[in-house]
Amino acid sequence: MKEFYPILQQCPLFDGIRIDELASMLVCLGSKKISVKRGQAVFREGDPATHVGIVLTGAVQLIREDYYGNRSIVAHIDSAQLFGETYACAGVSSLPISVVADEDCEALLIDCRRITMSCTNACAFHSRVIFNLLRLVATKNLVFDQKIQVTSKRSTREKLMTYLMNQTKLQGSSSFSVPYDRQELADYLEVDRSGLSAEISKLRREGILECEKNHFTLLQ
């Protein structure tokens, strides 16, 4: 695990935790490292909502499917970021989403109860990790709220432009890359891929944006 310590230090859950504390902390939290191939599930919808995951290498996506099998991407999670914490902390009995590897990845799984319940050793870092987890859950709720702002728009054009303008603010530039290919972007926006491609082509003709694969530049 030592090779992943630099990544774990970048993880918001361990903000304020010294590198020399990581070994004993990971033992205390009962952490478990797993490897997952692209397209395989880390968690499946319906699994018990008990664990928090941290991406060590690669990336994962939070996926929701409706009764008819329509797929929606809830979020893209990169290295050193958490997944599953909102549902684990909420105490829901089962996950309403699946977590799927977007590329070959390694992840660290921690039973959320080992974080929220103080251990018998009264580890000094425990209160800090609990505070960090609370802040992360609040931040993730803001991310989910932003997704709702996008998908609540009526047209494909409005959804796309709202998403792209949000990315401009987040990345601090009018030229940026998004973590989705065309089908994945359609799944995130909850629109038809052909309709999305047609709208992007129309916006390019109107001189509103430029696009090359997953890289966008807003011109107006």
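The values are calculated or read from the model by the stated rules, or taken from the named source; none is laboratory data. Fair warning: this is a prediction, and the values are worked out from it, not measured in the lab. Because the Cβ atoms are built from the backbone with ideal geometry, glycine has one as well, and the counts that use them run over all protein chains shown. We work out accessible area using only protein heavy atoms, side chains counted, and drop any ligands, DNA or RNA first. Shrake-Rupley method; radii C 1.70, N 1.55, O 1.52, S 1.80 Å.
Things to note:
- Environment charge of residue 58, counting only residues whose C-beta is closer than 9 Å and scoring Lys/Arg +1, Asp/Glu -1: -4
- Across 192, 181, 20, mean-square fluctuation computed from a Gaussian network of the chain (C-alpha pairs under 10 Å connected) peaks at 20.
- All lysines inside 28 Å of residue 32 as judged from Cα atoms, apart from same-chain residues fewer than 8 positions distant: 2, 140
- Farthest towards the positive end of the charge dipole of the stretch 1-101, among the residues 87, 72, 57, is the Cα of 57, using unit charges on the Cβ of Lys, Arg, Asp and Glu.
- Accessible surface, 1.4 Å probe, highest first, among residues 110, 7: 7, 110
- Percent of Cα pairs in the stretch 69-220 per distance bin of 5 Å, from zero to the largest separation: 1, 8, 15, 18, 17, 13, 10, 7, 5, 3, 1, 1, 0.
- The relative contact order of the chain comes to 21 percent, based on Cα pairs under 8 Å that sit 6 or more residues apart.
- A 1.4 Å probe run over the stretch 108-200, with the rest of the protein chains in place, finds 54 Å² accessible per residue.
- A Cβ-based charge dipole, computed about the Cα centre of the stretch 42-91 with Lys and Arg at +1 and Asp and Glu at -1, lands at about 40 debye.
- For the stretch 71-116, with all protein chains in place and a probe radius of 1.4 Å, 44% of the accessible heavy-atom surface sits on carbon or sulfur.
- Isotropically averaged projected area of the stretch 145-220, using the convex hull of Cα atoms (one quarter of hull area), nm²: 4.5
- Taken about its Cα centre, the stretch 1-137 carries a charge dipole of about 260 debye when Lys and Arg each add +1 at the Cβ and Asp and Glu each add -1 at the Cβ.
- Sum of side-chain charges, residue 71 neighbourhood, beta-carbon under 15 Å (Lys, Arg +1; Asp, Glu -1): -4
- In Å², nearest 10: area of residue 201 left accessible to a 1.4 Å probe: 50
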